[in-house]
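Down below is the structure, laid out as structure tokens.
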Amino acid sequence: MTTARRLVLQSPVYLVLVVASVLALIPFLWMVIASTHKTADLFATPLPILPGGEFWTNLARLQESTNFGQVMLNSLGVAVVYTVFSSIVSIMCGYGLATYRFRGSGALLGVILVTMMIPMQVLLVPLFQMMANAGWIDTYQALIVPFLANAFGIFLMRQGFQDFPTTLVEAARIDGASELRTFYRIVLPVARPQIAALVIYTFISQWNSFIWPLLMLNTEDKYTVPVALNTMVGATHVDYSGLMLGSLLATLPLFVLFLVFQRQFVAGLLGGAVKG
């Protein structure tokens, strides 16, 4: 098949991908445009289609109303700490479930999967009571500790470790390597793509968390980004331009995270695609 004929046959696929990409970018582009206009301009006719000149004014108002710089640092600190410790728990639990065979391992995996089906709303009241009894209301540990054992993260790493060649682990044991050294030197380097996917998922889930931080945090200086942006929605007035700007700035750490782990993340996707 010639190159020209192949391009003709594949052109409908490329057309669909281009249209889907444009549709996916429209909300983001509108967020960029809206963050540079006044709120009144966003309801004008016709709608603005080019960036305006109110970016710095909106940024100053956003900082004044929410202390957005501090809020970003709060969210970044909570998300980084949670991602590190939750990833460690998920990696070790996933490796244990995939590598070691013990009585009840299948039932334990089933219990973990069942917890993924429990809505968060069902857990809010008992978790709130537990945090109140522990004296953790209005603290960051209340945002981190209750969710360190992430069911999806454990399942993701368990599935990734299942295809790991056990002969490498057995060879390391024969050579006298300890379990911890084997895990750190042999298993983890091979699992980098899966770990990258886990880190991205875990960070995003904590960064976007809203309901639980809204219940736990009472001090404005401790607010995370979603909670702080929610304060800009009043009963009679909504600062849409400020909300758009805050949302735009809140996406920047997610872009940086993906760029840092892009190579490993894509390698994991391609490895799963060609795995026979």
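Bear in mind that the values in this text are calculations on the coordinates, not laboratory data. Quick caveat: nothing in here was measured; it's all calculated off a predicted structure. Quick reminder, even Gly has a Cβ in these numbers, built from the backbone with ideal geometry, and neighbours come from all protein chains shown.
Structure notes:
- Gaussian network model of the chain, Cα within-10 Å springs - most flexible of Val84, Val199, Val256: Val256
- Normalised contact order of the range 67-231, rounded percent, pairs of Cα under 8 Å and 6 or more residues apart: 44 percent
- Protection proxy ranking for 248-254, 49-55, using the average of other Cβ atoms within 10 Å per residue and placing the highest first: 248-254, 49-55.
- At R0 = 25 Å, FRET efficiency that the Cβ-Cβ distance of Val122 and Val89 yields, to 0.05: 0.65
- Considered as an equivalent ellipsoid built on the Cα gyration tensor, the chain has semi-axes of 40, 30, 16 Å, the largest given first.
- Its Cα centre serving as origin, the range 67-231 has a Cβ charge dipole (Lys and Arg +1, Asp and Glu -1) of approximately 420 debye.
- Here is the list for the range 46-147: trypsin sites (Lys or Arg not before Pro) lying in DSSP coil, each with at most 13 other C-beta atoms within 10 angstrom of its C-beta, are Arg101, Arg103.
- Gain upon complete extension [Tyr14, Leu259; 0.36 nm per residue less C-alpha separation]: 85.8 nm
- Label separation (Asp163 vs Val81): 3.6 nm, computed from points 7 Å beyond Cα along the C-beta direction.
- Protection proxy ranking for 34-46, 119-131, using the average of other Cβ atoms within 10 Å per residue and placing the highest first: 34-46, 119-131.
- Centroid-to-centroid separation of the range 170-194 and the range 5-76 [C-alpha atoms, Å]: 45 Å
- Taking all Cα pairs closer than 8 Å and separated by 6 or more residues, the relative contact order of the chain comes to 30 percent.
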